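A short worksheet on the structure shown next.
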Amino acid sequence: MYKDDFERQDFADRNQEDVWSKPVRAGKRTYFFDVKTTKGNNDYYLTITESKRRQEADGSFSFDKHKIFLYKEDFDKFRDGLEEVIKYMRDNLLKDIPERTFEARKPEGQEDGGGFSDVDFDKL
């Protein structure tokens, strides 16, 4: 759900079709992956929204939003196409940019001890 959605008159109607949402913040943009139900609540679909905050001339803010509706019968083709495009770009256009690794961050002050502790969760 987006903050400005709560201010809309039809918010109560829209809230019933929202099942789950995952926001992904990426610099000046936020991407929302929203699982929604159809009007009859008998099927699900995904909306992908790009939201970019923009400052107006009067100093107020607004959001530019672009949506994609993705239906279950298209999931595999969409994923395959996206993976192919990303692979092409990494292999042919972004060779000088190192691929990002997803190493776990150590909490502040933690020594390099493998990241595990001897905690007996049954005693907690």
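Projecting label points 7 angstrom from Cα along Cα→Cβ for Ile68 and Thr37 puts them 2.6 nm apart. Using the empirical formula 2.2 N^0.38 Å as the baseline, the Cα radius of gyration of the range 21-100 reaches a ratio of 1.43. Across the range 53-60, rounded Karplus estimates of 3J(HN,Hα) from the backbone phi angles (6.51 cos²θ - 1.76 cosθ + 1.60, θ = phi - 60°) give 6, 9, 8, 7, 4, 7, x, 7 Hz, Gly and Pro being marked x. The string of couplings for the range 71-79 from the Karplus curve (6.51, -1.76, 1.60, θ = phi - 60°) is 9, 3, 5, 10, 3, 5, 5, 4, 4 Hz, one whole number per residue in order, with x for Gly and Pro.
Working note: Karplus 6.51/-1.76/1.60 with θ = phi - 60° gives the range 84-92 the couplings 5, 5, 5, 4, 4, 5, 5, 6, 10 Hz, where Gly and Pro are set to x.
Subtracting the Cα-Cα distance of Ser60 and Lys22 from 0.36 nm times their residue separation leaves 11.1 nm of extension gain.
Can you flag which of Lys22/Lys95; Lys39/Lys87; Lys22/Lys52; Lys28/Lys87; Lys67/Lys87; Lys22/Lys65 are past 26 Å Cα-Cα? Distance filter (> 26 Å) returns Lys22/Lys95; Lys39/Lys87.
We did not get these values from a lab; they are worked out from the coordinates using the rules stated. Since the model is a prediction, treat every value here as computed from it, not as a measurement. Methodologically, a virtual Cβ is constructed for each residue, glycine included, from the backbone with ideal geometry; neighbour enumeration extends over all protein chains shown.
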